[in-house]
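Single-structure report; data block below.
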Amino acid sequence: TSLDLPKGKYIDEDVSGFVLYSEFGAIGDGVSEDIGAILAAHNYANTNGLPVKVDENAVYYISKIYQTVTIQTDTDWRGARFIIDDSGLRESSPDINLNVFKVAASAKAPSVDLSSLTSIEAGCSNIGVAPGVPMLLILRDANVKQYIREGANANDGTAKSDIILVDADGNVDPNAPIMWDYDQFTEKKIIAVDSEPLYITGGHFTTISNRIDTKGVLYCNRGISINRSGVVVDGLEHYVEGESKNAASYHGFINVDTCANVTVKNCVFTGRMQVTYAGTYDIGASNTVNLKFENCIQHNDILDTSCWGIMGTNFCKNITLEGCSFSRFDAHQGVYNVTIKNSSLGHQCLNAIGMGTLLIEDTTLYGNYLIVLRDDYGSTWKGDVIIRNCTWVPSQGNMLGSSCSMIYGKFSGYHEFGYDCYMPENIYIDGLTVDDKNCGENYRGVYLFHNITPAR
């Protein structure tokens, strides 16, 4: 199905310096379909390098999405609301996996000859090629499988891959190094890095949840994907109405993918209902270098166990949470460096596997364990764990007889994950309060580790 875009009232002589959705026919009454006008407005803005603004007090209604709206210029959504109505979505709907908005790079990927790059070692400081401009580089060897998941969601793994940030001289960002040795590559992909930041400001979004009776695992997108480096999202709010336990899951309202240097701050997210067949997220990130969430909150209770963990990530490097209140931080398929400061983590707490430094500081953590090293990916952390001035409130679910464990993991030695698995090299604890007053009358204290390698 094609969308007949409105031509709008915008004329070349307009000197306002920005684009309004109403200039392209948006009604903003909360009932009339506005996606066509929004798409046309951003297309015009992208072509002419103009920022986009909303109409004050408008309520933009979006249901059927024939084409994702591409954002390449600053966008100010303050003063307006958006309703994304998924109630009519069907499993066969062509737009079930179309995000409403995509923040895309305007810069073109540099033309760089990578033919001389035939192998590389983990931790290598320079790729041996000077691209002349900063760039992101994806390295992949599909002949080697990693993150071969164990357990109820077992799979055959994913191709060995790295995403690195390279400067004009070919130097690799030392805080996000190459994680693996490569004897060969099946893919070397260059991603452009825009030199100027792009700002997404404000916006009150409500998703009316889908009502698909999936009878199995099915995921939707229908949010905002960020595929451009140097993006700042400030003041966005997302809420959810009409959830059902049997409905399709969501990957996340905000999804950050294949980019670098993204900051999300002063935003409100929603913990989604734990549906029958799969977890559903409000925040997702993959293949991202330098991702920061600052002063962001979950508007519903971070201890509400009827809601799934709000955040899931894969293949990221340098993730920071500062001043945030979320039900969970989760790094599924590996992360390099995590920093969590001045924050609160709720009932699903902190889950991770990876490398580098895992730093938790001035933070309150709830849940069964202080840290869960995910056993479905080998309970591996190759690096240091640092805990400073934190409070842990273990839940009753942690109880193993008469004690509870700070760090959980489980490793049988019988499963091949595609990499060697490690215990943390060093664990530094400098100021930790364990609020264990609700752990029961037979409680005897805290173990540092769960029995990670039980007798086989």
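The values are calculated or read from the model by the stated rules, or taken from the named source; none is laboratory data. Only a predicted model underlies this, so the values are computations on that prediction, with no experimental measurement involved. Positions of Cβ are backbone-derived with ideal geometry, glycine not excepted, and every protein chain shown enters the neighbour counts. Protein only, heavy atoms only, side chains kept; ligands, DNA and RNA dropped before computing areas. Shrake-Rupley method; radii C 1.70, N 1.55, O 1.52, S 1.80 Å.
Some notes on this structure:
- Residue match in region 335-344 (condition: under 22 Å from W180 (Cβ atoms) and either open to solvent by less than 10 Å² (accessible area, probe 1.4 Å) or among the charged types (D, E, K, R) (or both)): yes
- You will find that of Y414, Y369, Y443, the residue that is at pLDDT below 95 and surrounded by 22 or more Cβ atoms within 10 Å (Cβ to Cβ) is Y369 and no other.
- From C349, C307, C324, C316, residue being at positive phi, in contact (Cβ under 8 Å) with a residue 12 or more places away in the chain and hydrophobic (A, V, I, L, M, F, W, C): C349
- From the list V262, V256, the one residue that fits, being over 21 Å from L98 (Cα atoms) and either at pLDDT 95 or above or part of a loop (DSSP other than H, G, I, E, B) (or both), is V262.
- All positions within region 261-295 that are open to solvent by less than 10 Å² (accessible area, probe 1.4 Å) and farther than 20 Å from H332 by Cβ: C267, T270
- For region 368-386, a residue qualifies if it is part of a strand (DSSP E or B) and either of a type in the set (A, V, I, L, M, F, W, C) or closer than 23 Å to Y281 by Cα (or both), and the qualifying residues are I371, V372, L373, W381, V385, I386.
- When the residues of region 81-114 are filtered to those that are modelled with pLDDT under 95 and among the basic types (K, R), the one that is most open to solvent (accessible area, probe 1.4 Å) is K108.
- In the set I200, I190, only one residue is open to solvent by less than 10 Å² (accessible area, probe 1.4 Å), out of contact with any His (no Cβ under 9 Å at 6 or more places or on another chain) and in a strand (DSSP E or B); that residue is I200.
- Residue among L117, L50, L39, L20 that alone is within 19 Å of V231 (Cα to Cα) and at pLDDT 95 or above: L50
- Condition met for D301 (within 26 Å of A159 (Cβ to Cβ) and charged (D, E, K, R)): no
- Failed item, numbered, when D436 is tested on (1) of a type outside the set (S, T, Y); (2) modelled with pLDDT under 90; (3) touching a Leu at 6+ places or on another chain (Cβ under 9 Å): (3)
- Hits in region 65-85 - residues which are in contact with a strand residue (DSSP E or B) (Cβ under 7 Å, 6 or more places away or on another chain) and not polar (S, T, N, Q): V69, I71, D74, D76, W77, R78, A80, R81, F82, I83, I84, D85
- Within region 296-310, considering residues that are in a strand (DSSP E or B) and at pLDDT 95 or above, the one surrounded by the fewest Cβ atoms within 10 Å (Cβ to Cβ): I297
- Region 203-224, residues that are surrounded by fewer than 23 Cβ atoms within 10 Å (Cβ to Cβ) and either in contact with a helix residue (DSSP H, G or I) (Cβ under 8 Å, 6 or more places away or on another chain) or closer than 19 Å to P51 by Cα (or both): H204
- Counting residues in region 282-301 that are of a type in the set (A, V, I, L, M) and over 25 Å from T70 (Cβ atoms) gives one or more.
- Verdict on T73 being hydroxyl-bearing (S, T, Y) and open to solvent by 40 Å² or more (accessible area, probe 1.4 Å): no
- Number of residues in region 160-173 that are surrounded by fewer than 20 Cβ atoms within 10 Å (Cβ to Cβ) and in contact with a Ser or Thr (Cβ under 7 Å, 6 or more places away or on another chain): the value is 1.
- Of L358, L291, L350, L365, all but one fail to be part of a strand (DSSP E or B), within 19 Å of E237 (Cα to Cα) and hydrophobic (A, V, I, L, M, F, W, C); the exception is L291.
- Selection status of G49, of a type in the set (G, A, S) and either touching a Pro at 6+ places or on another chain (Cβ under 8 Å) or free of Cβ contacts under 8 Å to residues at least 24 places away in the same chain (or both): no
- Taking region 67-160 as the region of interest, the strands (runs of 3 or more DSSP E) fully inside it that hold 3 or more residues being of a type outside the set (S, T, Y) are 81-85, 101-104, 135-146.
- Filtered by the rule that a residue be surrounded by fewer than 23 Cβ atoms within 10 Å (Cβ to Cβ), under 28 Å from P197 (Cα atoms) and aromatic (F, W, Y), region 28-65 gives a lone residue, Y44.
- Only a single item in (1) within 23 Å of the chain's Cα centre (by Cα); (2) farther than 16 Å from M135 by Cβ is not met by G216, and it is number (1).
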